Amino acid sequence: MTETSDYHVPVLCREVVDALCNGKNGCFIDATLGGGGHFRALARKLSNGATLIGIDRDADAIEWNRRNPTATAASVHLEHARFSEIARICETLSISSVDGVLIDLGVSSFQIDHPERGFSFMQECGLDMRMNTREGAPAMDLIDRFSVEELAGVLARYGEIRNARRMAMAIKSSPEAIRSSSALRTCLTREYGQLKYKVLARVFMALRIAVNDELDELRTFLAAIPELLADGGRIAVISYHSLEDRMVKEFFRNSEPHCICPSSILRCTCGRPGKLKRVNRKAIVASEDEISVNPRARSARLRIAEKIAGVTE
Ligand SMILES: C[S@@+](CC[C@H](N)C(=O)[O-])C[C@H]1O[C@@H](n2cnc3c(N)ncnc32)[C@H](O)[C@@H]1O
């Protein structure tokens, strides 16, 4: 199942649809719509009476999907918003419970391929990196505002850059480094000589995560999910960064029952009955076949959890 478009090639598409959608009805949310690859695959399964919501914080993604509408019998809503706002969006649409939710983290190929968005170190571009260009500070302003220690913290934590203080010092001591992607690369080359592709990729990824506050977004989103899901409803998360995957893994594990009541008690009284159960203990990864046609799938990790029936907040 490939819902390929110029915008983005979806990763683990069949696995996501199989995991989320076992009926034709219900309410489903793709909270990282992008080019709508997963969205379309879900839409094809649904009949009238079903509801499908697509969320993206990038106005270009919403606009692209409005111009390329999905053929489906389901009722479709597209929302330009952050996925951390999922509870508010459901409330506004009078949706009290959801049967399946997907987030496919990171950036789309469209965002990378459009130099004016400032995500790519391979092309000449200004250092913007905001997924929503109407909100927050672009990367160049953030770097400008950061102290050496703050910048080093971002590079070390999100980019796993070794001796990140040295890199932060080099960037902060050459003010022209933040003018463009090539200026930043030149600054780094002056300090280190030619850097490997994967190190540059990690520098840019670290800055992007900071600009878009991506880990806090994920944390807030996950916290809202148990209450939103219907009994038996499922959440699927595809992550590409070890910090994100760890956060999802721990959240799912900590949401499972940890009941410490004695086995002689019929009804749990310890208050730790759990809200979710993991559908897969190990992350699902892409096949070599998928990776050969879509190298981006190589680092994808899919985790799925299901709402335990009868749990109220
Ligand atoms: C990997 S792409 C999703 C691709 C999509 N699954 C497809 O099949 O085309 C990630 C998308 O998530 C969006 N995004 C990232 N963080 C977001 C957030 N906090 N809230 C809403 N959308 C977000 C990005 O703008 C981008 O369009």
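Under 7 Å between Cβ atoms, at least 6 apart or on separate chains: pull out the pairs that start in the range 267-282 with a residue that is not assigned by TED's automatic domain parsing to the domain that holds Ala230 and surrounded by 13 or more Cβ atoms within 10 Å (Cβ to Cβ) and end on any residue that is of a type in the set (Phe, Trp, Tyr) and modelled with pLDDT under 95.
Close Cβ pairs (under 7 Å, with a partner that is of a type in the set (Phe, Trp, Tyr) and modelled with pLDDT under 95) do not exist here.
Is there a residue in the range 29-38 that is more than 14 Å from the ligand (Cβ to nearest atom) and surrounded by 18 or more Cβ atoms within 10 Å (Cβ to Cβ)?
Within the range 29-38, not a single residue is more than 14 Å from the ligand (Cβ to nearest atom) and surrounded by 18 or more Cβ atoms within 10 Å (Cβ to Cβ).
When you check Gly100 against the structure, is it at positive phi and surrounded by 15 or more Cβ atoms within 10 Å (Cβ to Cβ), yes or no?
Values: at positive phi: no; surrounded by 15 or more Cβ atoms within 10 Å (Cβ to Cβ): yes.
No; evaluated as a whole, the condition is false for this residue.
Which condition from (1) among the basic types (Lys, Arg); (2) surrounded by fewer than 16 Cβ atoms within 10 Å (Cβ to Cβ); (3) more than 13 Å from the ligand (Cβ to nearest atom) is the one that Arg88 breaks?
Status for Arg88: all satisfied but (3).
Just give me the residues in the range 108-127 being within 9 Å of the ligand (Cβ to nearest atom) and either crowded, with 21+ Cβ neighbours inside 10 Å or over 14 Å from the mean Cα position of the chain (by Cα) (or both), in sequence order.
Once the filter is applied, which keeps residues that are within 9 Å of the ligand (Cβ to nearest atom) and either crowded, with 21+ Cβ neighbours inside 10 Å or over 14 Å from the mean Cα position of the chain (by Cα) (or both), the range 108-127 yields Ser108, Phe110, Gln111.
Looking at the range 219-233, which of its residues are within 16 Å of the ligand (Cβ to nearest atom) and not aliphatic (A, V, I, L, M)?
Selection gives Arg219, Thr220, Phe221.
If I ask for residues that are crowded, with 20+ Cβ neighbours inside 10 Å and either under 16 Å from the mean Cα position of the chain (by Cα) or within 16 Å of the ligand (Cβ to nearest atom) (or both), which ones from the range 47-59 would you list? Reasoning before the result, please.
Quick first cut of the range 47-59, residues crowded, with 20+ Cβ neighbours inside 10 Å only: 50, 52-58.
Those that are crowded, with 20+ Cβ neighbours inside 10 Å and either under 16 Å from the mean Cα position of the chain (by Cα) or within 16 Å of the ligand (Cβ to nearest atom) (or both): Leu52, Ile53, Gly54, Ile55, Asp56, Arg57, Asp58.
Could you identify the single residue in Ser108, Ser94, Ser47, Ser75 that is closer than 29 Å to Arg145 by Cβ and either of a type outside the set (Val, Ile, Thr) or in contact (Cβ under 8 Å) with a residue 40 or more places away in the chain (or both)?
Ser108
For the range 200-218, how many residues are within 16 Å of the ligand (Cβ to nearest atom) and touching a residue at least 60 places away in the same chain (Cβ under 8 Å)?
Result for the range 200-218: 12.
Sort out for me the strands (runs of 3 or more DSSP E) sitting completely within the range 197-313 that have 1 or more residues that are in contact with a helix residue (DSSP H, G or I) (Cβ under 8 Å, 6 or more places away or on another chain) and within 30 Å of Ala168 (Cβ to Cβ).
229-239, 301-307
Do we have Ala19 as of a type in the set (A, V, I, L, M) and either within 8 Å of the ligand (Cβ to nearest atom) or without any contact (Cβ under 8 Å) to a residue 60 or more places away in the chain (or both) here?
Criteria not met by Ala19.
Give me the pairs, please: first residue somewhere in the range 126-150 and at positive phi, second residue anywhere and among the charged types (D, E, K, R), beta-carbon distance under 8 Å, and either six or more positions apart or on two chains.
Once the first residue is at positive phi and sits in the range 126-150, its partners that are among the charged types (D, E, K, R) give Met129/Arg117; Met129/Arg208; Gly136/Arg130; Gly136/Asp213.
So, restricting to strands (runs of 3 or more DSSP E) that lie completely within the range 44-125, which ones have at least 3 residues that are farther than 19 Å from Ala223 by Cα?
Once the strands (runs of 3 or more DSSP E) in the range 44-125 are filtered for at least 3 residues that are farther than 19 Å from Ala223 by Cα, what remains is 51-56, 75-80.
The values are calculated or read from the model by the stated rules, or taken from the named source; none is laboratory data. What you see is a predicted model, and the numbers here were worked out from it, not measured in a lab. With ideal geometry, Cβ positions are generated from the backbone for all residues, glycine too; neighbour counts draw on all protein chains shown.
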